[in-house]
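Asker: Let me give you the structure first, and then I'll get to my questions.
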Amino acid sequence: MDSFEIRLTNLSWQATEQDITEFVGTFAKVKEVKLVLDYKKRSKGLAYVKLEDEKSLTEALNEVERTHMERKIKIVRAQPLSEKPPREPRQERT
């Protein structure tokens, strides 16, 4: 199954999942939104959005000059976890 997921960066810290759903919904069919939060449950200005189909993915990737909440948003295709290289183990401090 193909992954139709995008990553949005430079989001306002005040943006909610509902805000992002409405924003992306103006140019693509949204299936799910996951806003990345820090340990205090504050937005990190980053979200992952699952889209319905390839057409929605193409439309989203063509949106290069979009702004949301007065911020220029960067939209890129999200890399599926299965394609990410494994992390190197941390070295012990001496």
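Coordinate-derived values only; no laboratory data. Since the structure is predicted, the reported quantities are computational estimates derived from the model, not experimental observations. Cβ atoms come from the backbone with ideal geometry, glycine included; neighbour counts cover every protein chain shown.
Asker: Counting pairs of alpha carbon atoms under 8 Å apart in space and at least six apart in sequence, what relative contact order in percent does the chain give?
Answerer: Values: 146 pairs, mean separation 34.5, N = 94.
So the answer I get is 37 percent.
Asker: Let me ask you something else. Which residues make up the longest stretch of the chain clear of chymotrypsin sites (Phe, Trp or Tyr not before Pro) that lie in a DSSP loop with no more than 11 other Cβ atoms within 10 Å, not counting the sites?
Answerer: It works out to 40-94.
Asker: Another question, then. Sort SER12, SER56 so the one with the fewest other Cβ atoms within 10 Å of its own Cβ comes first.
Answerer: SER12, SER56
Asker: If you take the C-alpha gyration tensor of the range 5-80, multiply each eigenvalue by 5 and take the square root, what semi-axes do you get, largest first, in whole Å?
Answerer: Values: eigenvalues 72, 35, 23 Å².
Over the Cα atoms of the range 5-80, the ellipsoid semi-axes are 19, 13, 11 Å.
Asker: Considering only DSSP beta bridges with both partners in the range 5-80, what is the antiparallel share in %, to the nearest 5?
Answerer: If we restrict to bridges inside the range 5-80, about 100 percent are antiparallel.
Asker: Further question: From the cross-link list LYS40/LYS72; LYS29/LYS72; LYS40/LYS74; LYS34/LYS74; LYS41/LYS74, which pairs have alpha carbons spaced over 19 Å apart?
Answerer: Listed pairs above 19 Å: LYS40/LYS72; LYS29/LYS72; LYS40/LYS74; LYS41/LYS74.
Asker: Additional query: Return the long-range amide H neighbours of ARG66 (sequence gap of 5 or more, or a different chain), with a cut-off of under 5 Å between placed amide H atoms.
Answerer: Excluding prolines and chain starts, which carry no amide H, the hits are ILE73.
Asker: What longest region of the chain stays clear of trypsin sites (Lys or Arg not before Pro) that DSSP places outside H, G, I, E and B and that have at most 13 other Cβ atoms within 10 Å? Display every interim value, and only then the final one.
Answerer: On the way: sites that count: LYS40, LYS41, ARG42, ARG87, ARG90, ARG93.
Within the chain, the longest run free of exposed trypsin sites (Lys or Arg not before Pro) spans 43-86.
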